[in-house]
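Presented below is the structure to which this report refers.
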Amino acid sequence: MKTIIASATLASLLAACSPAPPAVDQSVPAAEAPNAATAAIEGVGVVTAVDPAAGTISLDHEAITAINWPAMTMQFRADDPSILQGLAVGDRVRFELKSARESTIVTAVRKQ
Ligand SMILES: [Cu+2]
């Protein structure tokens, strides 16, 4: 009797464990997949302007291949303005962008 119950249970488990293959959306390039879009991105550059009160910092940054950016000078907004305290024009920094989608927001800026 036990054997019969076990067999029936196994059969129902097998029936339940036949998932369809995961759908792969070929229209979304790897670089724009959700994970890539929300992952933090690092860059390095030199501070060309910083305004902790306004929460903005301009950086002459090197190329950021993760998001296909060439080297350029541009302004970023600090996720938390307090991370800009202690930084000065001319400082060489390593910084972290919030994500590929929110690429003009820096979440960390550290002197090198
Ligand atoms: Cu840029």
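Among residues of the range 52-68 that are closer than 15 Å to Glu102 by Cα and polar (S, T, N, Q), those with a beta-carbon under 8 Å from a residue that is within 11 Å of the ligand (Cβ to nearest atom) and open to solvent by 70 Å² or more (accessible area, probe 1.4 Å) at least six positions away or on a different chain give the pairs Thr56/Gln75. The set of residues in the range 91-112 being open to solvent by 50 Å² or more (accessible area, probe 1.4 Å) and among the hydrophobic types (A, V, I, L, M, F, W, C) is empty. Scanning the range 52-63 for residues that are within 13 Å of the ligand (Cβ to nearest atom) and either open to solvent by 60 Å² or more (accessible area, probe 1.4 Å) or not hydroxyl-bearing (Ser, Thr, Tyr) (or both) yields a total of 6.
Out of Ala66, Ala88, Ala49, I need the residue that is in a loop (DSSP other than H, G, I, E, B), of a type in the set (A, V, I, L, M) and open to solvent by 30 Å² or more (accessible area, probe 1.4 Å). Which one?
Within the list Ala66, Ala88, Ala49, the selection yields Ala88.
The values are calculated or read from the model by the stated rules, or taken from the named source; none is laboratory data. All values reported here derive from a predicted model rather than from experimental measurement. Counting neighbours? That spans all protein chains shown, and the Cβs are built from the backbone with ideal geometry, glycine included. The protein model used for the area step is the full one, side chains on, heavy atoms only, and it has no ligands, DNA or RNA in it. Shrake-Rupley method; radii C 1.70, N 1.55, O 1.52, S 1.80 Å.
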